[in-house]
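The values are calculated or read from the model by the stated rules, or taken from the named source; none is laboratory data. Please read all numbers here as calculations on a predicted model, not as lab measurements. Please note: Cβ atoms are built from the backbone with ideal geometry, for glycine as well, and neighbour counts cover all protein chains shown.
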Amino acid sequence: MRGEAVAIPFNRKQYYVYIMTNKINTVLYTGVTSDLKKRIWEHKEKVIDGFTKNIISIN
């Protein structure tokens, strides 16, 4: 296949990297999501069990 071009599908979905901290700035949490508004809501409402449910508080 010398000299032939291969078409590779391009994924246009956007992803966001975000960083959160606790109120006293002793913990940094990084995350990746394709829906930033939804993910912030999930953190704020503590709907997903995990590290940030007990550590990070969003006002």
Selection within the range 7-27 - of a type in the set (Phe, Trp, Tyr) and surrounded by 12 or more Cβ atoms within 10 Å (Cβ to Cβ): 16, 18
Within the range 10-58, tally of residues that are in a helix (DSSP H, G or I) and basic (Lys, Arg): 5
Close pairs from the range 19-31: first over 11 Å from residue 52 (Cα atoms), partner at pLDDT below 90 and not in a strand (DSSP E or B), Cβ under 7 Å, at least 6 apart: 23/57
Candidate set: the range 29-56, residues that are at pLDDT 90 or above and surrounded by fewer than 14 Cβ atoms within 10 Å (Cβ to Cβ); chosen: the one farthest from the chain's Cα centre (by Cα): 41
